[in-house]
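Enquirer: This is the structure, below, for whatever I ask next.
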Amino acid sequence: MKLCWRGIRSSHKYPSFSKGVIMAYCSKSRSVLSGRESLWARLNSYLMILVLFLFSCPAVNPQTSSVTNPIKENGVVGGSLQEQSDARTLEPGKTFEREIKPGERHSYLLRCEAGQLTEINVEYSGTNVGVALFGVDGQLILNVNNVDDAEGSKQLSVLADVSGVYRLDVRPLGRRLEPGRYEMNVSQPRAATQQDRDYAAAEKLLLEAGRFVGQGTGQSKRNAIGKYREALSLLRSTGNREREANVLNNIGFFYRTLGELDDALDFFNQALALRREIGDPRGEAISLNHLGRIHVALGEIQKGLDFYEQALALERASGSGRAEANTLSNIGSVYYDLGETERALDFYNRSLPLYRAVGGRPREALTLTSIGAIYFSRGENEKALEFYERALAVQQKLNGRSGIAQTRLQIGLLYAKLGNKEKAFDYLNQALDFGRKIGNRYTEAEALTVIGEVYYNAGEKQKALEHFNQALPPRQASGDLQGEARTLYWIARSERDRGQLASALKGIEATLQIVENVRGRINSQELRVSYFSTVQKYYDFYINLLFELHLRNSAAGYDEAALRASERARARSLLELLREARADIRRGVDPALLERGQSLQRQLNARAEEQLLLLSGDETSEQARTLAGELNALTNEYDEVQTRIRKTSPRYAALTQPQPLTLKEIQQTLDKETVLLEYRLGEMRSFVWAVTPTTINIYELPGRAEVEKLARRFYQLLTARNQHPPGEDMAQRRVRLAQAEAEYATTATQMSRLLLTPVSSHLKTQRLLIVSDGALQYVPFAALPKPKNEGSRFKGDKEATATSPTALQSPSLIAQPLIADHEIISLPSASVIAVLRKELSGRRAAPKTIAVLADPVFDKDDARVKLREGTRQQNESAAATPSRGKTGGVPPGVILTPAVASNRVAAPGKGGLSLPRLSFSRREAEAILAAVPAGEGMSALNFQASRATALSPELAQYRILHFATHGLLDSQRPELSALVLSLVDEQGQPQNGFIRLNEIYNLNLPADLVMLSACQTGLGKEIRGEGLIGLTRGFMYAGASRVGTSLWKVDDSATATLMGSFYQAMLKEGKSPGAALRAAQLEMLKQKRWQSPYYWAAFTMQGEWK
């Protein structure tokens, strides 16, 4: 009997087989998709892929023939026709409609005449059905049991070369407990044509390919490809384009599993083009998934995500739940690899119910493994093991070898982390064995790498290196670039431990070349930042290795190379943002896309404001969760739109991405009065470089944990006044502050000794440029005690005044602060200043001097509100009394502390925010404007200190912008951090007063200075490799060449005093902003009331110092 597979079709005219192995999957163990089932499941999946073509003829009386040799195979029971007494006869032109319940089997008898072809159509609803065909001898010929949607159709055609009676069995598939219905009709038989026979020959080859597939080895996959290629030419002669596309996809799939990605891309692209041509959207989605998978493996992550998103849209439009679930899981894997675990978890959780609804057990198990991996990465080992065991239980029932391999890999990793080496090796070796048996190069390489890591951490370095070297060829063969980078990194570490530094250097540089390649292909700035944070350990190792080489040969330039590596590893996205800022990348972009971005921005801001209104204490946790989910979804969509804007922008495409500076280029940015101190915190040891226009020196510091522990304690002691422990009375507060003051002196000295003493011999200049890292970004270097043996004082200072030990002695310090002799400027990286200067060169200075926004109106009960009835009138002094409210819950990551009259920070209160009026900010504004010639300044106070004023193009007319108000810090969603301006209008009606970071990016503010005289405006979301993402970079993007910000909640009165001195020094005495800030801080230090660095050290200057 010849078999031709013409079409297993769903109700959407799409071959349901394409739900099987052709669905794309991600390479990582977190989410390995279909195509990794047991031998029989794989074989049946390939039968799904084929377009079913069974040949049948008119049915006859069952008594005229007999069948022997009953069999039972894969749940399908054969038997003689006499045994099938309940079998019904199929007649041409007739339709059978029946209900089928779980566990039932319906049998039908067909009379097939040699050389004739008959078509059978089975339409089903309520449950998917499987169809099995038995020959005249009772042997199973074909079992089509692909689990598909609960509604669809399967078309079978039968061409027999032997006359006789055949049996067709129908049974329900999946785990549905409800009965379903199906309808079966049989066409009139016709004589087979030569085209039919060619098609049958092709399908015979495809069945042979399917048998090779079932063997699950690398060689059997190559054999299958050979059969598919033979069949392809026959299929093309028949003109069956849909079938041709399916086979093209199959060939691409097996080339991909063999790691031959160029060939795989070729065949997938052919399949995609053909499926688009014939109008097969669900088949198109499958090819898109495969292409997405390959591009992700090649490091083209953005391109891979684009393919997945295209597939997702097609799957949702066609109602294919299983395919949608697969794509969601694929996208989750990408985000996991980028370090976006929350986003990954969201996609995995969205896929799980879809798998359960359609009975997608293999993929459900792999998604459970992926979720377990996320919890493992968070250190929640028990929860991770729970998900792994759930996945393993499902996989063992399904006998899914590849799926089991991935789960066992993860369990092995977990036990290795827990120190149970015996159990770890047991699971890992099983995974390795599975990977090799089924010819899965990714699984093989991953298992070898993980086994090597376990040996390495156990101190067996030689065994580790052997496994890493074994892992590299299959890594490269599988096209897994990120996996290859990881294996190369471990080889480099092992070579370093053997003393082979040259080999180690070669290995880590190959690793970083892959990293830079992958990073450069990601359009989304957010994803670039996330990805870059996951590979920082590679740069740390590289810098450590260069330092060791420097110790061996100090004249070889390894210290310079280490500084270059440090610059490559920090604030890269900020460099790129500053480069694109002047390019007007929105020009030439689809207006609809721009409008969508603006609409999402408005929705984000509205939801963020709703979140603050929930802080009354009356909100429910369910409300909070719902709103947080909406914010996450909007944030993700907004980022996707921004990515599409960049992708479609002609101006963005023309941009050349800035490169980190070399030592020579860094030195060219410096002058003889400036020294750069650049810090890099590493796991085992940290470093600081001291760079002048003519010299470079590198010094070793303790590891990250020790440095950051001391830095956090320093910050905690310095800001003790801002802490309000529950139940603390005034007496207890005084005792706590006294203890903090005493400990602060010792801790500050330790910080100075740690960070400054190694470079003390280089501190002979007026100006220090500080590039911090990690928790050091929270340290006000101005407040650190001067190290011993430090050199000359700041030029231009008067003798025995601000710099004298007596004048500067503070109860909080045991030595003069660093600010006594140095102007201090902070930078995200040394390379930032070069990009700023290049982008701002030639810019015409704004015509006017300064615009000040201060003393906004936050509350309808403020006496400045003019009620319509005119019944409330209070004097100005009464209005200064802060509004105090009940403190409610706060969203995670949002810094909101109890309302304190003297602090410029937003606080939750009854009905939303309780914001105390900042009465001293009015005095601050008046003092600033008094230093400005008439007509050169603009004052926006009271209701005019509003969002409308801040967003007005008029602000671009001023060289200096000063905001004296409250700040709102969102460390989880930095794009929602904000300055808070007037929240009510003159009638007391609420209005939007938030200027959020995502809006600041869209402003045009060509200012020489933006001063944010508010709380914690210098902070943000800390991301390794990028630093603090907050308001500072938003204003730099908008055009500011320098930004003044604060590191903690600042005192209102002290800030007003400091700002008055600052602007006096800058506008009257002509000092640069950095020098003016130093002068103001020294002036504060001379006053007993303000001597504590808590009052004067919070403000820092970032950006240009000239």
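The values are calculated or read from the model by the stated rules, or taken from the named source; none is laboratory data. Keep in mind that this is a model prediction, so the values were computed, not measured. Glycine also receives a Cβ, built like all others from the backbone with ideal geometry; neighbour counts cover every protein chain displayed.
Enquirer: Look through the range 246-278, keep the residues that are touching a residue at least 40 places away in the same chain (Cβ under 8 Å) and farther than 21 Å from residue 443 by Cα, and return whichever of them is surrounded by the most Cβ atoms within 10 Å (Cβ to Cβ).
Expert: 246
Enquirer: To continue, here is another question. Which members of the range 174-193 meet the condition of being part of a loop (DSSP other than H, G, I, E, B) and within 23 Å of residue 110 (Cα to Cα)?
Expert: Listed by number, the residues that qualify are 187, 188, 189, 192, 193.
Enquirer: Go through the range 564-579 and give me each residue that's farther than 23 Å from residue 978 by Cβ and part of a helix (DSSP H, G or I). Steps first, please.
Expert: Let us first name the residues in the range 564-579 that are farther than 23 Å from residue 978 by Cβ, namely 564-570, 572, 575-576, 579.
Within the range 564-579, 564, 565, 566, 567, 568, 572, 575, 576, 579 meet the criteria.
Enquirer: Would you kindly identify the helices (runs of 4 or more DSSP H) lying entirely within the range 994-1106 that contain at least 2 residues that are closer than 26 Å to residue 606 by Cα and touching a strand residue (DSSP E or B) at 6+ places or on another chain (Cβ under 6 Å)? Full working, then the answer.
Expert: Numbers: elements: 997-1000, 1031-1038, 1052-1063, 1073-1085, 1093-1096.
Of the helices (runs of 4 or more DSSP H) lying wholly inside the range 994-1106, those with at least 2 residues that are closer than 26 Å to residue 606 by Cα and touching a strand residue (DSSP E or B) at 6+ places or on another chain (Cβ under 6 Å) span 1031-1038.
Enquirer: Same structure again: Please go through (1) surrounded by 23 or more Cβ atoms within 10 Å (Cβ to Cβ); (2) under 19 Å from residue 528 (Cα atoms) for residue 339 and return the number of the only condition it doesn't satisfy.
Expert: Result: residue 339 passes all but (1).
Enquirer: Let me ask something else about it. Part of a helix (DSSP H, G or I), surrounded by fewer than 17 Cβ atoms within 10 Å (Cβ to Cβ) and hydrophobic (A, V, I, L, M, F, W, C), is that true of residue 711?
Expert: Values: part of a helix (DSSP H, G or I): yes; surrounded by fewer than 17 Cβ atoms within 10 Å (Cβ to Cβ): no; hydrophobic (A, V, I, L, M, F, W, C): yes.
For residue 711, the condition - part of a helix (DSSP H, G or I), surrounded by fewer than 17 Cβ atoms within 10 Å (Cβ to Cβ) and hydrophobic (A, V, I, L, M, F, W, C) - is not met.
Enquirer: Among the residues of the range 279-328, which ones are small (Gly, Ala, Ser), crowded, with 21+ Cβ neighbours inside 10 Å and not in a helix (DSSP H, G or I)?
Expert: 299, 320, listed by residue number.
Enquirer: Another one. Find the strands (runs of 3 or more DSSP E) located wholly in the range 91-138 whose residues include 2 or more that are out of contact with any Phe, Trp or Tyr (no Cβ under 7 Å at 6 or more places or on another chain) and acidic (Asp, Glu), and list them. Talk me through it step by step, then tell me what you get.
Expert: Details: elements: 95-100, 106-112, 116-125, 129-134.
Once the strands (runs of 3 or more DSSP E) in the range 91-138 are filtered for at least 2 residues that are out of contact with any Phe, Trp or Tyr (no Cβ under 7 Å at 6 or more places or on another chain) and acidic (Asp, Glu), what remains is 95-100.
Enquirer: State the number of residues belonging to the range 281-329 that are touching a residue at least 40 places away in the same chain (Cβ under 8 Å), over 18 Å from residue 531 (Cα atoms) and among the basic types (Lys, Arg).
Expert: Here the count works out to 2.
Enquirer: So is residue 122 modelled with pLDDT of 85 or more, over 27 Å from residue 191 (Cβ atoms) and of a type outside the set (Lys, Arg) or not?
Expert: Working: modelled with pLDDT of 85 or more: yes; over 27 Å from residue 191 (Cβ atoms): no; of a type outside the set (Lys, Arg): yes.
For residue 122, the condition - modelled with pLDDT of 85 or more, over 27 Å from residue 191 (Cβ atoms) and of a type outside the set (Lys, Arg) - is not met.
Enquirer: Taking the condition of being free of Cβ contacts under 8 Å to residues at least 60 places away in the same chain and more than 21 Å from residue 832 (Cβ to Cβ), how many residues in the range 765-786 meet it?
Expert: Counting residues in the range 765-786 that are free of Cβ contacts under 8 Å to residues at least 60 places away in the same chain and more than 21 Å from residue 832 (Cβ to Cβ) gives 3.
Enquirer: Out of (1) under 31 Å from the mean Cα position of the chain (by Cα); (2) in contact (Cβ under 8 Å) with a residue 60 or more places away in the chain; (3) surrounded by fewer than 24 Cβ atoms within 10 Å (Cβ to Cβ), the odd one out for residue 442 is which?
Expert: For residue 442, the exception is condition (3).
Enquirer: Please verify whether residue 971 is small (Gly, Ala, Ser) and closer than 27 Å to residue 1051 by Cβ, treating the condition exactly as stated.
Expert: yes
Enquirer: A further question follows. So, in the range 737-754, of the ones that are in contact with a strand residue (DSSP E or B) (Cβ under 7 Å, 6 or more places away or on another chain) and hydrophobic (A, V, I, L, M, F, W, C), which residue ends up surrounded by the most Cβ atoms within 10 Å (Cβ to Cβ)?
Expert: Result: 748.
Yes/no matrix, rows are residues, columns are (1) assigned to a helix (DSSP H, G or I); (2) at pLDDT 90 or above; (3) in contact with a Leu (Cβ under 7 Å, 6 or more places away or on another chain):
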{"residue": "744", "(1), (2), (3)": "yes, yes, yes"}
{"residue": "765", "(1), (2), (3)": "no, no, no"}
{"residue": "787", "(1), (2), (3)": "no, no, yes"}
{"residue": "792", "(1), (2), (3)": "no, no, no"}
{"residue": "815", "(1), (2), (3)": "no, no, no"}
{"residue": "824", "(1), (2), (3)": "no, yes, yes"}
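Enquirer: For the range 414-513, please list each of the helices (runs of 4 or more DSSP H) lying entirely inside it that holds at least 3 residues being among the hydrophobic types (A, V, I, L, M, F, W, C), out of contact with any strand residue (DSSP E or B) (no Cβ under 9 Å at 6 or more places or on another chain) and closer than 28 Å to residue 532 by Cβ.
Expert: Where helices (runs of 4 or more DSSP H) fall fully within the range 414-513 and carry at least 3 residues being among the hydrophobic types (A, V, I, L, M, F, W, C), out of contact with any strand residue (DSSP E or B) (no Cβ under 9 Å at 6 or more places or on another chain) and closer than 28 Å to residue 532 by Cβ, they are 441-457, 461-478, 481-497.
Enquirer: Looking at (1) outside any loop (DSSP other than H, G, I, E, B); (2) closer than 29 Å to residue 770 by Cβ; (3) under 23 Å from the mean Cα position of the chain (by Cα), find the lone condition where residue 561 falls short.
Expert: Residue 561 satisfies all of (1) outside any loop (DSSP other than H, G, I, E, B); (2) closer than 29 Å to residue 770 by Cβ; (3) under 23 Å from the mean Cα position of the chain (by Cα) except (3).
Enquirer: For the condition in the same structural domain as residue 124 (by TED's automatic domain parsing) and within 55 Å of the chain's Cα centre (by Cα), what is the one hit in 197, 167?
Expert: Step by step, each of 197, 167 is checked, and only 167 is in the same structural domain as residue 124 (by TED's automatic domain parsing) and within 55 Å of the chain's Cα centre (by Cα).
Enquirer: Filter the range 956-972 down to the residues that are buried (at least 23 other Cβ atoms within 10 Å of the Cβ) and of a type outside the set (Gly, Ala, Ser) and list them by number.
Expert: 958, 960, 961, 962, 963, 965, 966, 968, 969, 970
Enquirer: Could you identify the single residue in 479, 435, 419, 412 that is small (Gly, Ala, Ser), at pLDDT below 95, under 22 Å from residue 378 (Cα atoms) and crowded, with 23+ Cβ neighbours inside 10 Å?
Expert: Result of the check over 479, 435, 419, 412: 412.
Enquirer: Could you give every pair whose Cβ atoms fall below 7 Å, whose first residue belongs to the range 223-238 and is free of Cβ contacts under 8 Å to residues at least 40 places away in the same chain and at positive phi, and whose second residue is among the basic types (Lys, Arg) and outside any helix (DSSP H, G or I), counting only separations of at least 6 or pairs across chains?
Expert: So the pair list comes out empty.
Enquirer: Search the range 489-547 for residues being more than 20 Å from residue 700 (Cβ to Cβ) and of a type in the set (Asp, Glu), and hand back the single one that is nearest to the chain's Cα centre (by Cα).
Expert: My answer is 526.
Enquirer: Would you confirm whether or not the range 387-404 contains a residue that is among the hydroxyl-bearing types (Ser, Thr, Tyr) and at pLDDT below 85? Show your work before the answer.
Expert: Here is the first cut: in the range 387-404, the ones among the hydroxyl-bearing types (Ser, Thr, Tyr) are 388, 402.
Then keep just the ones that are at pLDDT below 85; that gives 402.
The answer is yes, given that some residue of the range 387-404 is among the hydroxyl-bearing types (Ser, Thr, Tyr) and at pLDDT below 85.
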